[in-house]
Amino acid sequence: MRTRDVAGTPVGAVGLGCMGMSWAYAESECDDDTSIALIHEALDLGVTFLDTAQPYGDGHNESLLGRALAGRRDEAFIATKTGLVVDDVSTLGVSRRDTPEHVKASAEDSLRRLGTDVIDLY
């Protein structure tokens, strides 16, 4: 797999956006076991860039990715983000919250959900 340099780290040129595994597209059809198997297959194929965010399923997506990466964290480059807060999961309603206090608390929550001590791209 081709790579791209992100801040001195080689990262697969093809990434996996994980949002649809938890949010926005037919959530009733989401299946954690299938999603974890997909993440594992992507890693096996050399996909190292994995994208998630706190609003995706109100934290569920980060937790899902954390479970998928248990024992394989060193194979992945994790990108997550903040600044949006889920107001209503059923309608996908979000609002902006970008205060320094929120960003710090959100980063700490993301680290916990992802089961890691490093977020590669925030």
Q) Quick one: how many residues across segment 15-44 are in a loop (DSSP other than H, G, I, E, B), at pLDDT below 95 and not small (Gly, Ala, Ser)? A) 4
Q.
So for segment 76-85 (the condition being touching a Leu at 6+ places or on another chain (Cβ under 8 Å), basic (Lys, Arg) and on the phi < 0 side of the Ramachandran plot), does at least one residue qualify?
A. no
**Q.** Evaluation of residue 10 against (1) under 17 Å from residue 120 (Cβ atoms); (2) part of a loop (DSSP other than H, G, I, E, B); (3) at pLDDT below 95 (one fails), failing number
**A.** (2)
(Q) Residue pairs, Cβ under 8 Å, 6 or more apart or interchain, first in segment 65-77 and under 12 Å from residue 118 (Cβ atoms), second surrounded by 15 or more Cβ atoms within 10 Å (Cβ to Cβ) and among the β-branched types (Val, Ile, Thr). List them. (A) 69/39; 69/78; 69/116; 73/116; 76/48; 77/11; 77/48
Q. Counting only residues that are at pLDDT 95 or above and either assigned to a loop (DSSP other than H, G, I, E, B) or of a type in the set (Ser, Thr, Tyr) (or both), how many does segment 49-75 have?
A. 6
Q.
Which residue is farthest from residue 7 (Cα to Cα), if the candidates are limited to segment 46-64 and must be surrounded by 18 or more Cβ atoms within 10 Å (Cβ to Cβ) and in contact with a strand residue (DSSP E or B) (Cβ under 6 Å, 6 or more places away or on another chain)?
A. 55
Q) For the subset of segment 81-122 comprising residues that are assigned to a helix (DSSP H, G or I) and of a type in the set (A, V, I, L, M), which member is nearest to residue 15 (Cα to Cα)? A) 114
Q: State whether the residues of segment 76-87 include one that is loosely packed, with under 15 Cβ neighbours inside 10 Å and either closer than 23 Å to residue 32 by Cβ or modelled with pLDDT of 95 or more (or both).
A: no
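The values are calculated or read from the model by the stated rules, or taken from the named source; none is laboratory data. Just so it is clear, the model here is predicted, and its values are computed rather than measured. So basically every Cβ, Gly included, is an ideal-geometry build from the backbone, and we count neighbours across all protein chains shown.
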